[in-house]
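Note sheet for the following structure.
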Amino acid sequence: MKPFTYERARSPAEAAAAAARIQGARFIAGGTNLLDLMKLQIETPGYLIDVNGLALDKIETTPEGGMRIGALVRNTDLAADDRVRRDYGLLSRAMLAGASGQLRNKATTAGNLLQRTRCPYFYDTNQPCNKRRPGSGCAALGGFSRQHAVVGASEACIATHPSDMAVAMRALDATVETVRPDGSARSIPIAEFHRLPGDTPHIETALAAGELITAVTLPKPVGGKHIYRKVRDRASYAFALISVAAVIQRDGSGRVALGGVAHKPWRVEAAEPDLPRGAKAASAGLLADATPTRENAFKLLLVERTLGAVLTEARA
Amino acid sequence: MKFDTPATTNPIDQLKIIGKPTDRIDGPSKTAGTAPYAYERHDIVANPAHGYVVGSAIAKGRIASIDLTDAKAAAGVLAIVTAENAGKLAKGSLNTASLLGGPEIQHYHQAIAVVVAETFEQARSAAELIRVDYIRAEGAYDLAAAKNSAAKPATDEDPPDTAVGDFAGAFATAPVQFDATYTTPDQAHAMMEPHASMAAWDGDRLTVVTSNQMIAWGARDLATTLGLPRDRVRMISPFIGGGFGGKLFVRADVLLAALGARAAGRPVKVALTRPLIFNNTTHRPATIQRIRIGATRDGRITAIGHEGWSGDLPDGKPETAVNQTRLLYAGANRMTATRLAVLDLPEGNAMRAPGEASGMMALEIAVDEMAEKLGLDPIEFRILNDTQVDPEKPERKFSHRPLVECLRMGADRFGWSKRSAQPGRTRDGRWLTGIGAAAAFRNNVVQKSAARVRLDPRGVVTVETDMTDIGTGSYTIIAQTAAEMMGLPLNKVVVRLGDSTFPVSAGSGGQWGANSSTAGVYAACVKLREAVAQKLGFGSADVVFADGEVRSGNRSAPLAKAAGDSGIVAEDTIEFGDLDKKYQQSTFGAHFVEVGVDAATAEVRIRRMLAVCAAGRILNPKSARSQVIGAMTMGAGAALMEDLVIDERSGFFVNHDLAGYEVPVHADIPHQDVIFLDEVDPISSPMKAKGVGELGICGVGAAIANAIYNATGVRVRDYPITLDKLLDRMPAVG
């Protein structure tokens, strides 16, 4: 770990301004990902801005009947919130499928969205990785790629986004609220928040330099059955091979997002009208133009079969 | 004490303390955090500096240059040791690769430097500033590709080839033939406590506090490596947070702590970081195994052959996966062959039940497959081919072999009769369920073992031996042994372990530790009893030690009285004669497993497990049970998820942390039962016990594989059995 300067931010706007001003600054909240990456010298910030004191830890009802979740609400608290459990069960279930009790106690809503990939080549600083060292190449291409992306990947990067929560947020049409270094606020639809790797896989989100997440909002509840199905070799404490986040209505219509298949939570709205026709039709649209490796081609069938099980459960 | 004739009745048979389920005597200190581990022994080594190990970034080749300029100038740095400035180093007899590489590199993450600094963070930060230029060389990293170049290993232990009768002829003419190839992947010990050591020099005397299963081997190899006389090295390792064979040898942590301490002129502590452990240390090597079985139509084996291939660095050792096949089932015509390829992966070596753990994973699927081919129940097929003699030498009997009883009792208790013989027929909601079984088999090895016992004036007996407790419960069974022998309650016995100044024990490995080390304590206690009787002027023939007293005829005296003012010390070594040549000594068991396989996703989840074990006298049923359920859990990991994945381009294990190398968590392991058959084996030792710590992993993986087949009808011969290997043959969804 390289020596770094540490300061506690006094307001969101000041935090954003400081982060934009100071070269190599990072925000720190729960630290469940960043601290590990710093110990391994994958992240080497010279300056940490602690945002834990910014009182962004409330869950509120919005005037539209939706929900506004402060950036610092801990995963444990969000998953246990009565309104979340009642109206956004998908979100609660996705969070409880991730990490461990101890990690969820520390991890924040904003931090969860900003988790970095678990690609083992990203984690080994001896190996080339365009995400860690832009231009160095991608060792996962042609390497161990069982966990990796099957859609939306590029020649530069086939990493996946590891979050469960973000997959549910994508299915629920969340919006990410931020404050920019000039103090202005903006709202970023979750669909536009995470980026595909393209040839700049080190740029993972739509956030500008210094921009700080202040909250995530959810539109008013959409009803339906909320099912989060995470598939993994180990029964707990493992990242998803694939996951399916679905909200299915009584008439069979619905929405579905996938985890573990792409550089971001994966949702193809154009495929959703096919949901009443069944998993095969819907997953064909979801996974159109897939480019799996030999090691992860099984994910295509796994998505179709898991979605099939989810639709069966929704009908039950 | 020489043990060369079967044991007769002795004080252990009283079973007042031995054989009783007993809490660990070190349990309270472990629970309270007062059992000190190597990295925290500041009571022995005050104010140590911190060493951080740098691993090679290439698997094979040479260091062209190494630039320490920036690292040396970094804050807090006291010294940096590399092969260039370490002085002359030899290699310990049990190490295959050098513990400090350079200029030649033998494997990925081979240590090439240790940075010593005031704090751990400073050492780690400075380590990142070391600039190394490598010259890469081509290496061999793929066992399947290297298989044809594999050769007979040069080993004085197990013969590379065995043959009895005419295997080829008998197999060719057998009415029913089975021939299949299985693979097991490289696996990591993944123990909780990392390899960790503290080192302090006093002139040319070195004291190391470390985490090591075999103190005498370790002290010897460390002295050899450093070119020191053996008596200049003291090794201390009283508590060990898991080893599983990964700590049988000195590793880079202890050598680099010693070298770092010498360079820095002050004590140094070094722990290997988790991402380094997987490639820096040893692992269980992958195997390819071909098994052929020929049988009559009524199910009698006429020919059985097992060939195994594994790889290791030059001058390394094979994974002897074929060994159990020489002994487990009858059959007049037999062969085994072990071949070793040269691979440039990290060093392969022992991991819990080396040989049998991997061999049984293959053999016990093959037996299940052959039974199905014969139309026989797989339990009955095993029973039909039981043998009470060494099949290679029929004049040589097993000391005790209740495999059939284990299988029958397990089948009864587990509800085997409810198993559908047709696979893929049982469903519970979204789950396809199935039941599988396998035999368990692991040889019983005995090793010379010494102990010293001291009776003090308070009537307390202190046992000292360099035996280790790797989480197994050694402290407790040794205390039980001394208490039983001396007629004392457990709280009047003190046990001190893991110090090279103590008499040399069997150590912890190969499941020989419990039986051999307690037999050594038994021998020392026999001597102490004689000394006590003599001191009290009692005839030793009828003397009884009970309730803290010594009795002979109508005379009695408190044990403490015999100690006098200065106490009595006795020391002895149990030395084993050739009973293990006259008799085949092995441990037996049967594993039963029920699994559910998700009909849509093919995720495999274990529902319940049972092991029935026959392993001689069970010294402490509580800690023995813990050993068996731990081994069953490890076997579940091997069956379902553990896999050191090789990047065959650059030659290293890619998933080198505990997020990438998955071992079972609580949610993977539901109900486990263990039954021990009531058994004593007087051929084994005066304790009449045998090993049990490794039996539990032998066969359990195959029982899981067989249960998955029973649930799904899909036979997977390549471990681990992950969902991608089942998915395209699962039933339609919905």
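The values are calculated or read from the model by the stated rules, or taken from the named source; none is laboratory data. Predicted model only: the values in this text are computed from it and were never measured. Neighbour counts run over all protein chains shown; Cβ positions are idealised from the backbone, glycine included. Surface areas here come from the heavy atoms of the whole protein model, side chains and all, with no ligands, DNA or RNA. Shrake-Rupley method; radii C 1.70, N 1.55, O 1.52, S 1.80 Å.
Examine segment B:590-608 for a residue that is open to solvent by less than 10 Å² (accessible area, probe 1.4 Å) and polar (S, T, N, Q), and state whether such a residue exists. Checking segment B:590-608: at least one residue is open to solvent by less than 10 Å² (accessible area, probe 1.4 Å) and polar (S, T, N, Q). Against the test of being under 30 Å from B:ARG326 (Cβ atoms), open to solvent by 70 Å² or more (accessible area, probe 1.4 Å) and out of contact with any helix residue (DSSP H, G or I) (no Cβ under 8 Å at 6 or more places or on another chain), the options B:ASP166, B:ASP186, B:ASP202 yield a single qualifying residue, B:ASP166. Residue count for segment B:234-263, restricted to those that are open to solvent by 10 Å² or more (accessible area, probe 1.4 Å), touching a strand residue (DSSP E or B) at 6+ places or on another chain (Cβ under 8 Å) and more than 14 Å from B:ALA196 (Cβ to Cβ): 3.
For (1) basic (Lys, Arg); (2) assigned to a helix (DSSP H, G or I); (3) under 19 Å from the mean Cα position of the chain (by Cα), each residue gets a yes or a no:
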| position | (1), (2), (3) |
| --- | --- |
| B:ARG452 | yes, no, no |
| B:ASP466 | no, no, yes |
| B:ILE477 | no, yes, yes |
| B:THR481 | no, yes, no |
| B:LEU488 | no, no, no |
| B:VAL495 | no, no, no |
| B:GLN511 | no, no, yes |
| B:ASN515 | no, yes, yes |
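One residue stands out in segment B:710-729 among those that are away from chain A (no Cβ under 14 Å) and buried (at least 23 other Cβ atoms within 10 Å of the Cβ): the one that is nearest to A:LEU301 (Cα to Cα), namely B:ALA711. Candidates B:ASP580, B:ASP542, B:ASP565, B:ASP572: the one that is under 30 Å from B:ARG408 (Cα atoms) and either surrounded by fewer than 18 Cβ atoms within 10 Å (Cβ to Cβ) or in the same structural domain as B:THR472 (by TED's automatic domain parsing) (or both) is B:ASP580. Taking each residue of segment A:138-157 that is at the interface with chain B (Cβ under 9 Å from one of its Cβ atoms) and looking for partners that are open to solvent by 20 Å² or more (accessible area, probe 1.4 Å) with beta-carbon atoms closer than 6 Å, six or more apart or interchain, yields A:ALA139/A:PRO128; A:PHE144/B:VAL645; A:ARG146/A:GLU295.
Scanning segment B:642-654 for residues that are of a type outside the set (Ser, Thr, Tyr), open to solvent by less than 50 Å² (accessible area, probe 1.4 Å) and out of contact with any Asp or Glu (no Cβ under 9 Å at 6 or more places or on another chain) turns up just one, B:ASP647.
Among the residues of segment A:232-258, just one is away from every other protein chain (no Cβ under 14 Å) and under 19 Å from A:ASN296 (Cβ atoms), namely A:ALA257. Count of segment A:26-59 residues, restricted to those that are over 17 Å from A:ARG118 (Cα atoms) and either within 14 Å of chain B (Cβ to nearest Cβ) or not basic (Lys, Arg) (or both), is 19.
Let's see how each residue does on (1) within 12 Å of chain B (Cβ to nearest Cβ); (2) free of Cβ contacts under 8 Å to residues at least 60 places away in the same chain:
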residue: A:SER100; (1), (2): yes, no
residue: A:ARG118; (1), (2): yes, no
residue: A:ASP124; (1), (2): yes, yes
residue: A:CYS129; (1), (2): no, yes
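Quick one: count up the residues across segment A:83-128 that are surrounded by 24 or more Cβ atoms within 10 Å (Cβ to Cβ), touching a strand residue (DSSP E or B) at 6+ places or on another chain (Cβ under 7 Å) and of a type in the set (S, T, N, Q). Result for segment A:83-128: 2.
Restricting attention to segment A:268-316 and to residues that are open to solvent by 50 Å² or more (accessible area, probe 1.4 Å) and under 28 Å from B:GLU648 (Cβ atoms), the residue that is farthest from the other protein chains (Cβ to nearest Cβ) turns out to be A:THR291. Checking B:ALA639, B:ALA631 one by one, the residue that is more than 16 Å from B:ARG442 (Cα to Cα), assigned to a helix (DSSP H, G or I), in the same structural domain as B:GLY415 (by TED's automatic domain parsing) and among the aliphatic types (A, V, I, L, M) is B:ALA639 and no other. Scanning segment A:287-310 for residues that are in contact with a Lys or Arg (Cβ under 8 Å, 6 or more places away or on another chain) and either of a type in the set (A, V, I, L, M, F, W, C) or under 20 Å from A:CYS119 (Cα atoms) (or both) returns A:PRO292, A:GLU295, A:ASN296, A:ALA309, A:VAL310.
Among residues of segment B:659-683 that are more than 21 Å from B:GLN187 (Cβ to Cβ), those with a Cβ under 7 angstrom from a residue that is acidic (Asp, Glu) and surrounded by fewer than 20 Cβ atoms within 10 Å (Cβ to Cβ), sequence gap 6+ or separate chain, pair up as B:LEU677/B:GLU405.
Inclusion of A:ALA174 among residues that are crowded, with 21+ Cβ neighbours inside 10 Å, in contact with a helix residue (DSSP H, G or I) (Cβ under 9 Å, 6 or more places away or on another chain) and without any contact (Cβ under 8 Å) to a residue 60 or more places away in the chain is warranted. If you go through segment B:596-624 and keep only what is assigned to a loop (DSSP other than H, G, I, E, B) and within 14 Å of chain A (Cβ to nearest Cβ), you end up with B:ALA599, B:ALA600, B:THR601, B:ALA602, B:GLU603.
Just wondering, is there one or more residues in segment B:587-595 that are outside the structural domain of B:GLY487 (by TED's automatic domain parsing) and part of a helix (DSSP H, G or I)? No, segment B:587-595 contains no residue that is outside the structural domain of B:GLY487 (by TED's automatic domain parsing) and part of a helix (DSSP H, G or I). If you go through segment B:655-699 and keep only what is within 14 Å of chain A (Cβ to nearest Cβ), touching a Ser or Thr at 6+ places or on another chain (Cβ under 8 Å) and open to solvent by 20 Å² or more (accessible area, probe 1.4 Å), you end up with B:PRO664, B:VAL665, B:HIS666, B:ALA667, B:ILE669. Among the residues of segment B:430-439, is there at least one that is within 30 Å of B:VAL733 (Cα to Cα), open to solvent by 30 Å² or more (accessible area, probe 1.4 Å), assigned to a loop (DSSP other than H, G, I, E, B) and without any contact (Cβ under 8 Å) to a residue 24 or more places away in the chain? Among the residues of segment B:430-439, not one is within 30 Å of B:VAL733 (Cα to Cα), open to solvent by 30 Å² or more (accessible area, probe 1.4 Å), assigned to a loop (DSSP other than H, G, I, E, B) and without any contact (Cβ under 8 Å) to a residue 24 or more places away in the chain, which makes the answer no. Among the residues of segment A:232-252, write down those that are within 20 Å of B:LEU658 (Cβ to Cβ) and open to solvent by less than 20 Å² (accessible area, probe 1.4 Å). Correct list: A:ARG234, A:ALA238, A:ALA240, A:LEU241. The set of residues in segment B:415-441 being over 28 Å from A:GLY308 (Cα atoms) and within 14 Å of another protein chain (Cβ to nearest Cβ) is empty. Is it the case that segment A:223-231 has a residue that's surrounded by fewer than 15 Cβ atoms within 10 Å (Cβ to Cβ), at positive phi, more than 14 Å from every other protein chain (Cβ to nearest Cβ) and not charged (D, E, K, R)? Yes, there is a match, as at least one residue in segment A:223-231 is surrounded by fewer than 15 Cβ atoms within 10 Å (Cβ to Cβ), at positive phi, more than 14 Å from every other protein chain (Cβ to nearest Cβ) and not charged (D, E, K, R).
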